[in-house]
Amino acid sequence: MTTRGLCELTLESASHRELARFYTRVLGLPVLAEDEDRIWLACGEHARLGLWSPGKKEFGDRGGRHVHFALSVARGELRRVTKRLRALGYGFRGPVEHEGGDRSLYLEDPEGNVVELWDFFASGPGAGAGVAALARTPHAA
């Protein structure tokens, strides 16, 4: 495999500070850095979530409006997140059990992005095989 994983994902928001409050309060993502036009949050050992104000950034980049993205969670974490979401009054769907036994919880952030919390790498086929469990055909070297 050429890549080792996702390093960062950036979301554009008219109110990136408000969006950061959602991710820190609801999902417990710690703040890594904060600038006037962006905030970086840790979302795993080797990944970060960028929350950017609208407009071009260096290298011609812009944050994106993503319809859906998933964050990996440890086995048992969905139960804790469900309790936290209920206590905070946030709506969500799930946990939804998928074929293979892995489960997901779905919620929307304040910008309407669908955030999936997925225990695939802890409870489902991915626990042993990782992303190889998703592969349908072998890749040529």
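We did not get these values from a lab; they are worked out from the coordinates using the rules stated. Predicted model, so just to flag it, every value in this text is computed and none were measured. Here the Cβ is made from the backbone with ideal geometry for all residues, glycine too, and neighbour counts use every protein chain on show.
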Length added when fully stretched, residue 8-residue 80, from 0.36 nm per residue minus Cα-Cα: 23.4 nm
Applying 1/(1 + (r/R0)^6) with R0 = 30 Å to the Cβ-Cβ distance of residue 34 and residue 56, what FRET efficiency is obtained, to the nearest 0.05? 0.95
Quick query: amide H of residue 11 versus all other amide H atoms, modeled in the peptide plane; which residues come in under 5 Å with a sequence gap of 5 or more or a different chain? 50, 51, 52, 64
Please label the shape of region 1-61 as rounded, prolate or oblate, based on the square roots a ≥ b ≥ c of the eigenvalues of the alpha-carbon gyration tensor (a/c under 1.5 means rounded; beyond that, a/b larger than b/c means prolate, else oblate). oblate
Taking placed amide H atoms and a strict 5 Å upper bound, the residues 5 or more places from residue 27 or on another chain that come that close are none
The answer for residue 37, listing residues at least 5 apart or on another chain whose modeled amide H is closer than 5 Å to its amide H, is none
Can you tally the net charge around residue 18? Count Lys and Arg as +1, Asp and Glu as -1, for every other residue whose Cβ sits under 11 Å from the Cβ of residue 18. +1
Sum up the charges of everything whose Cβ sits under 14 Å from the Cβ of residue 43, counting Lys and Arg as +1 and Asp and Glu as -1, but leave residue 43 out. -4
